[in-house]
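Read through the structure below, which is laid out as structure tokens, and then see the notes.
Any read-out appearing in this document is the output of simple, stated calculations on the displayed coordinates, not a laboratory observation. None of these values were measured; they are calculated from a predicted model. Note that each Cβ is placed from the backbone with ideal geometry, even for glycine, and that neighbours are counted across all protein chains shown.
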Amino acid sequence: MNFSTTLLSVGIAVAAMVVITLAVSAGVRRSPATATYKDTKSNVLFVVSTRRWQRVLIRTVGITVIVLGAIIALVAATRPPSSPAMGIAGTAMIVGGILFVLLAKGMHRLRLEVTPDTIWSFPMIAAPREIPLAEITGLAPHITSNYGGILGKTGSRTRFSATGIMLGYPQLIEYFREYRPDLPIPAAARPLQER
């Protein structure tokens, strides 16, 4: 493989990543930041949740990959002289598509329900966790997210996480400023609307 072709491919991938990140960040800055998700606990002040378009996009990609994988697997099964690699590729695409659909389902479940003294964390697959506000000993930046975010910690243990692109994230930062002013908010955790 030619070095210039590899460099061009990597450059295109990096440029696409930067353009997508900038476009989503600009859209988040201009869109409403309040979550419309219905709370399930009593006395909830606000909810921090993923955006609907993210879940729909992931689910659509998953369904598309499942359909394409099924077509490829069907063609491989009905054409005897075809190589087994085609059947394997079709099956792998079906499994990958199913994982995307499950990811979208988990993203739909992923949220924080915030009350005056408790944060209820609903992870993608585990049972909801009640985190008393008094137990949070520190806030750290969510360094694995391109859009910033925050991790709530008790000692070195992460109790919850939220990314800067989530609906309700600016309210979460204001909540900590009001209810726990003793916890410094990391600069990288500021909401996109404040940058």
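Working from the Cα coordinates of the range 54-106, the gyration tensor eigenvalues give, after taking √(5λ), semi-axes of 26, 8, 6 Å in decreasing order. Computed over every Cα-Cα pair of the chain and binned at 5 Å starting from 0, the pair-distance distribution P(r) comes out as 1, 7, 12, 15, 15, 13, 11, 8, 7, 5, 3, 2, 1, 0 percent. Translational diffusion of the range 98-190, estimated by Stokes-Einstein from the Kirkwood radius over alpha carbon pairs at 10 °C in a medium of 1.306 mPa s, is 116 µm² per second. Say the dipole of the chain comes from +1 at the beta carbon of Lys and Arg and -1 at that of Asp and Glu; which of THR6, GLN171, PRO191 then lies farthest toward its positive end? Farthest along the dipole direction, towards plus: THR6.
The order of LEU45, LEU172, LEU151, going from fewest to most other C-beta atoms within 10 Å of their C-beta, is LEU45, LEU151, LEU172. Neighbour counts of C-beta atoms inside 10 Å place ARG180, ARG129, ARG111, ARG55 in the sequence ARG129, ARG180, ARG55, ARG111, starting with the fewest.
Projecting each Cα onto the charge dipole of the chain (Lys/Arg +1, Asp/Glu -1 at the beta carbon, about the Cα centre), which of GLY155, ALA76, GLY97 comes out farthest on the positive side? Projecting each Cα onto the dipole axis, the largest value belongs to ALA76. Helical content alone sets the calculated 222 nm signal of the chain at -16500 deg cm²/dmol, taking -39,500 (n - 2.57) per DSSP H segment of four or more residues and averaging over every residue. Taking Lys and Arg as +1 and Asp and Glu as -1, the other residues whose beta-carbon sits under 12 Å from that of LEU167 total +4.
Charges were assigned to the Cβ only: +1 to each Lys and Arg, -1 to each Asp and Glu. The resulting dipole of the chain about its Cα centre is roughly 360 debye.
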